[in-house]
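Reading through the structure tokens given below for one structure.
Values quoted throughout were computed directly from the atomic coordinates according to the rules given, and no laboratory measurement underlies them. Quick caveat: nothing in here was measured; it's all calculated off a predicted structure. Cβ placement follows ideal geometry from the backbone for every residue including glycine, while neighbour counts extend to all protein chains displayed.
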Amino acid sequence: MDNSGQLTFSDDPMLNGANEVYQLIEEGQFVSAVDRLDDLMDIDPDYPGLIEAYRTAKFWENRAEELKRMQNGRETADFLMKEWSAFEEYAETKSIKDSAAYRAVMKQIFFRAADHYKIAFTEQQDTINNFNLLLNLGDCFLRLEEYKNTIETLEFARSSYTSNARLLAILGEAYFHTGDIPKSLLYFREAFLIEPSDIDLDQIRAKPILDLVRLIRDETNDYSNLKEWIPIYGFLNDTFYVRRNLSKRQVESIENDIYDLEISYQKMGKEQLENTNILPRLINKYLWMMDYYEFQNYNFENITQIRDRLITIKRDLFEEYFNNQKSR
């Protein structure tokens, strides 16, 4: 109590008990959390947050024995990530994803998984899949909002192994939150060229990408291929204004992709195309080649041909856009 005799938060035994539970969950002491919750629910079963905390603690308590039998490193880390996916689905159905318990257990699971991925990489438990170990570690750091660790881990993976869409998108998200917007947009743009379907939009909080998602939802009914249209709308709105020079190998790869996509595009009717990602991918590849001929290896004839082709295959998007460019 304070000097006026009023009850303060620190005097509320239920609040203190709930906070104790969240701390136990964050520390991974799920058995103790369940025991403490049993006591609290005997006092006030309707106290806010207790049911969500009980379901969270019980879910992970049920996996504790299996975890104890696992080897430190890759086996434990992969199990935690697999069970987290199951927990996310469970949390969605029970409407507990916005709860304090959910946030507490997320810290526990991802910090723990990150530690085990680091063990696996350090001990070279799976040298063939070292890239995936680092990618999963970077994923854990991102979810924990450890952006500098995310960047350090995944830049090493990118320089030492290879790049892929998921890695570049995670890097794009991390760089956005550290304030390096140009590098963020560069990595996002490249991620959406490599493989849009590999990008987890649920992980993305970067405002430029969320703005594009809202724009696409407002302007098109093509929700099934939303990720495929992000780079196209990003081009039209000059969101992806940061570019780097393409290598000869990259140019050849994009040209080959255009050739193959054109063959598929011309074989299909409009209704068939709507059930595929061929149209947005073909447009995206053309946009990359148009950039190449505008900014890296200027060729007016090629630029004109690409513009004409884009207008032919998607007039509602590109006719007005290119007309506005000419009038500037």
Roughly how compact is the stretch 78-128, stated as its Cα Rg over 2.2 N^0.38 Å to two decimals?
1.37
Exposure-ranked with fewest Cβ neighbours within 10 Å first, 52, 65, 88 stand as 65, 88, 52
Along the stretch 182-195, what does the Karplus equation 6.51 cos²θ - 1.76 cosθ + 1.60 (θ = phi - 60°) give for ³J(HN,Hα), rounded to whole Hz, x for Gly and Pro?
x, 5, 4, 5, 4, 5, 4, 4, 5, 4, 6, 7, 5, 6
Tell me the angle of helix 50-61 to the major Cα principal axis of the chain, expressed in degrees between 0 and 90 and rounded to the nearest ten.
80
Tilt, helix 74-93 to longest principal axis of the chain (alpha-carbon atoms), in degrees rounded to tens, equals 90
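Determine the relative contact order of the chain: mean sequence separation of Cα pairs under 8 Å and six or more apart, normalised by residue count, in whole percent.
9 percent.
List the GluC sites (Glu not before Pro) in the stretch 95-167 that DSSP assigns to loop (not H, G, I, E or B) and whose Cβ has at most 16 other Cβ atoms within 10 Å. Which are they?
When the GluC sites (Glu not before Pro) of the stretch 95-167 are filtered for loop state and at most 16 Cβ neighbours within 10 Å, 123, 145 remain.
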Per-residue Cβ neighbour rank within 10 angstrom, fewest leading, 54, 175:
54, 175
Taking Cα pairs closer than 8 Å and at least 6 residues apart, the relative contact order of the stretch 1-94 in percent is 19
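Let me spell out the model: positive unit charges on the Cβ of Lys and Arg, negative unit charges on the Cβ of Asp and Glu, origin at the Cα centre of the chain. What dipole size does that give, in debye rounded to 20?
On the way: 39 positive and 58 negative charges, 306 e Å.
Its charge dipole is roughly 1460 debye.
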Helix 130-143 versus the longest principal axis of the chain: what angle, 0 to 90°, nearest 10, using Cα atoms?
70
In order through the stretch 173-179: 3J(HN,Hα) via Karplus (6.51 cos²θ - 1.76 cosθ + 1.60), integer Hz, x for Gly, Pro:
5, 5, 5, 4, 6, 9, x
Karplus (6.51, -1.76, 1.60) ³J(HN,Hα), θ = phi - 60°, over the stretch 247-257, in Hz, Gly and Pro reported as x
7, 4, 5, 5, 4, 4, 5, 5, 4, 5, 4
When only alpha-carbon atoms are used, what values of Rg and Dmax, in angstrom, describe the stretch 11-55?
9.3, 26
Which order do peptides 129-140, 29-40 fall in by mean Cβ count within 10 Å, highest first?
129-140, 29-40
Restricting the stretch 215-262 to trypsin sites (Lys or Arg not before Pro) in coil, as DSSP defines it, with at most 12 other Cβ within 10 Å:
244
Pick from 285, 183, 207: which residue has the top mean-square fluctuation in a GNM of the chain where Cα pairs under 10 Å get a spring?
207
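Mind checking the alpha-carbon convex hull of the chain and giving the volume per residue in Å³? Display every interim value, and only then the final one.
Values: hull volume 65.6 nm³, N = 328.
Normalising the Cα hull of the chain by residue number yields 200 Å³.
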Taking 8 Å as the Cα distance limit and 6 or more residues as the minimum spacing, I'd like the relative contact order of the stretch 245-328 as a percentage.
23
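What ranking do 315, 158 get, fewest neighbouring Cβ atoms within 10 angstrom at the top?
Details: 315 10, 158 19.
Listed from fewest to most nearby Cβ atoms, that is 315, 158.
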